[in-house]
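Have a look at the structure below, then the notes.
The values are calculated or read from the model by the stated rules, or taken from the named source; none is laboratory data. The structure displayed is predicted, hence computed values, not measured ones. Cβ placement follows ideal geometry from the backbone for every residue including glycine, while neighbour counts extend to all protein chains displayed.
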Amino acid sequence: MTVRSIHWPVLNSLLWIRDPTIEDLPEIDGVGAFWSTPSCVAVGCVPDCDGDTEITIGPAEAVGLESTPLFDRILPTPSRRLIVETVMKETILQASVRSAETRVRIWTDGHPASAFVIFGLN
Amino acid sequence: MLSTDAGRAASRELRRVGWLLHAHVVETKLYALRDAVKHNFDPNQPRVPAGDPDGGQWTDEGGGTGGRLPSGSLGDESERIRLAQARRGRGGSGYIQLGNGQFAEPTPAQAARYEFARDRADTLIGRVRERDPQWHPTPSFTETVEGEILAAQAEAREAEAYLRQLIFYGQGPGRNDKGSIPARGPSRSFTKQERDEINKLGRDHGCHTCGSRDPGTPSGNFIADHQLPNAVNPEGRPQRLYPQCLPCSFRQGGWLSGRGSKK
């Protein structure tokens with residue numbers, strides 16, 4: 001698994017991470033910084049009109065921060081892939097994983113509209 | 001805003017009650033007319049001329065009094081009712097097309113109730129389609145006029161509920177719409193002047209969806225929200241920009257991606 005990073009103007013300040021074969025998506029009530037179901041997480045980031053968000057995906061030991069992650073849970077990954085997509089369902093990043101379950105940790109700057117989002121996988 | 005809505009609702013309800021009352025009177029008179037016709041009533045039968053003590057009463061050729069219309073019947077009022085009948089129903093045909101494709105003639109009271117229900121449903125569906133042009137209410141299969149009235153009422157309820165959801169999810173100008181500026185197009189890059197105008201609208205009046213004066217963004221800028229949103233405006237209709245706060249933008253995004261509880 002390699003580290004991938006991108007700067008992206010994110011529409012509606014929302015990024016999603018999930019296995020592409022499972023579409024059990026959380027309802028967004030607007031309160032908080034992330035929303036999840038057992039197989040998908042949505043996380044808030046900078047509005048596109050305020051600039052790009054720096055988005056990174058990779059092994060947690062390579063990309064993770066020392067601070068407590070915003071999210072830390074195991075997601076099902078039956079296709080051995082995880083995708084990061086936007087509201088318009090554009091896949092902007094993806095990663096291959098080794099097993100049918102993957103521990104996903106998400107780090108942000110702590111603001112609901114975070115300037116960066118890091119997806120650390122194990 | 002709420003008081004305006006409540007006032008409008010009360011006004012509609014009053015109009016509806018008046019309508020039903022008039023329809024009931026007309027229906028009663030029509031039944032009386034039908035009974036008179038059944039009892040060998042001849043509409044060409046002459047009347048005793050005005051000025052005569054029996055003026056206005058029905059008479060025969062020989063001048064004697066003939067059979068009167070029953071009390072409360074119509075006389076020349078029947079013409080007015082015939083005209084009213086000709087105007088009612090879809091397309092002014094006097095008939096209502098049912099969900100099974102057949103046409104049925106409603107009673108006057110049914111026609112009034114139907115027109116009221118249909119009018120309300122069409123108004124609400126129109127308001128929904130301003131926000132979601134592709135939306136259609138759930139189709140109904142009806143075989144009677146009463147069924148068609150219930151179907152129209154159900155369409156109105158469905159459209160009203162969906163409209164509430166659309167507003168909550170930031171589809172279309174929100175309840176707190178106090179101003180907007182024209183969008184140059186679907187582009188998400190804005191000039192400084194546009195940003196300043198959106199921020200001023202936001203600071204003065206709040207988020208167009210929820211009314212919050214706190215944009216919730218790290219920059220302190222309100223989000224310039226395209227309405228209609230680009231995702232539901234494939235025809236490229238002219239758009240406007242409204243100030244929106246971060247939580248409402250999140251909700252709108254969830255809905256747009258099909259992830260909100262749309263229905």
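Checked against (1) surrounded by 18 or more Cβ atoms within 10 Å (Cβ to Cβ); (2) within 12 Å of chain A (Cβ to nearest Cβ), B:GLY206 passes all but a single condition, namely (2). Determine if segment B:162-177 includes at least one residue that is closer than 28 Å to B:HIS136 by Cα, surrounded by fewer than 16 Cβ atoms within 10 Å (Cβ to Cβ) and either without any contact (Cβ under 8 Å) to a residue 60 or more places away in the chain or among the basic types (Lys, Arg) (or both). The answer is yes; a qualifying residue exists.
Against the test of being at the interface with chain A (Cβ under 7 Å from one of its Cβ atoms) and of a type outside the set (Val, Ile, Thr), the options B:GLY253, B:GLY211 yield a single qualifying residue, B:GLY253.
Being surrounded by fewer than 16 Cβ atoms within 10 Å (Cβ to Cβ) and in contact with a Gly (Cβ under 7 Å, 6 or more places away or on another chain) is the requirement here; does A:VAL3 meet it? For A:VAL3, the condition - surrounded by fewer than 16 Cβ atoms within 10 Å (Cβ to Cβ) and in contact with a Gly (Cβ under 7 Å, 6 or more places away or on another chain) - is met. Among the residues making up segment B:119-165, a single one is part of a helix (DSSP H, G or I), closer than 22 Å to B:PRO229 by Cα and more than 18 Å from the chain's Cα centre (by Cα): B:GLN165.
Of all the listed residues (B:PRO215, B:PRO238), the sole one being in a loop (DSSP other than H, G, I, E, B), surrounded by fewer than 18 Cβ atoms within 10 Å (Cβ to Cβ) and in contact with a strand residue (DSSP E or B) (Cβ under 9 Å, 6 or more places away or on another chain) is B:PRO238. Kindly indicate whether any position in segment A:16-39 is over 19 Å from B:LEU256 (Cβ atoms), more than 10 Å from chain B (Cβ to nearest Cβ), under 10 Å from the mean Cα position of the chain (by Cα) and crowded, with 18+ Cβ neighbours inside 10 Å. For segment A:16-39, residues over 19 Å from B:LEU256 (Cβ atoms), more than 10 Å from chain B (Cβ to nearest Cβ), under 10 Å from the mean Cα position of the chain (by Cα) and crowded, with 18+ Cβ neighbours inside 10 Å: absent.
Note on segment B:219-250: among residues that are under 24 Å from A:PRO26 (Cα atoms), at the interface with chain A (Cβ under 7 Å from one of its Cβ atoms) and touching a helix residue (DSSP H, G or I) at 6+ places or on another chain (Cβ under 8 Å), the one that is modelled with the lowest pLDDT is B:ALA231. Filtering segment A:4-14 to residues that are facing chain B (nearest Cβ under 10 Å) and closer than 20 Å to A:ILE57 by Cα leaves A:PRO9, A:VAL10, A:LEU11, A:SER13, A:LEU14.
Every residue, every condition in (1) within 13 Å of the chain's Cα centre (by Cα); (2) within 14 Å of another protein chain (Cβ to nearest Cβ); (3) on the phi > 0 side of the Ramachandran plot, yes or no:
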position	(1), (2), (3)
A:ILE57	yes, no, no
A:GLU66	no, no, no
A:LEU75	yes, no, no
A:SER79	no, no, no
A:LYS89	no, yes, yes
A:ILE92	yes, yes, no
A:SER96	no, no, no
A:ARG103	yes, no, no
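With respect to A:VAL46, is the statement that it is at pLDDT 95 or above, buried (at least 18 other Cβ atoms within 10 Å of the Cβ), away from chain B (no Cβ under 13 Å) and closer than 20 Å to B:GLY254 by Cα true? So A:VAL46 fails the test.
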